[in-house]
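Right, I'll just put the structure down here and ask away after.
The values are calculated or read from the model by the stated rules, or taken from the named source; none is laboratory data. Since the model is a prediction, treat every value here as computed from it, not as a measurement. In this analysis, Cβ positions are derived from the backbone assuming ideal geometry, glycine residues included, and neighbour counts consider all displayed protein chains. In case anyone asks, the SASA skips ligands and DNA or RNA and just uses the protein heavy atoms, side chains included. Shrake-Rupley method; radii C 1.70, N 1.55, O 1.52, S 1.80 Å.
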Amino acid sequence: MSRHVFLTGPPGVGKTTLIQKASEVLKSSGVPVDGFYTEEVRQGGRRTGFDVVTLSGSRGPLSRVGSEPPPGHRECRVGQYVVDVASLERLALPVLRGVTKENRNHLLPEIVTCVQNSRK
């Protein structure tokens, strides 16, 4: 039986570090893990966006400040960030197979809503 763990918290408390270290320990113990986390992208000391990084090592842009959506894609924003919906769907959504209509509003509500709206 697979289990999903969603880790939330304020910036800088160690969420990404915990995910990285826990997945390393589980993998080295032979436990299959799958998942993703987001990582800040900084330029010149300023946050310019986020990447989505899978535990299998794939990486892609999740969002960027004020950037334009990829050609042919509709713009989707979360606050000041333009979300790369195609990258999100390619990297993160396969990991979320167990998310259902009943529980999805408790998990990443802004991004899930953004993805739903992009398909209309």
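Which listed residue (V53, T16, V33) has the Cα farthest towards the positive end of the charge dipole for the range 1-57, taking +1 on Lys and Arg C-beta and -1 on Asp and Glu C-beta about the Cα centre?
Highest projection toward the positive end goes to T16.
Taking a probe of 1.4 angstrom, what is the accessible area of L26 in Å², to the nearest 10?
70 Å²
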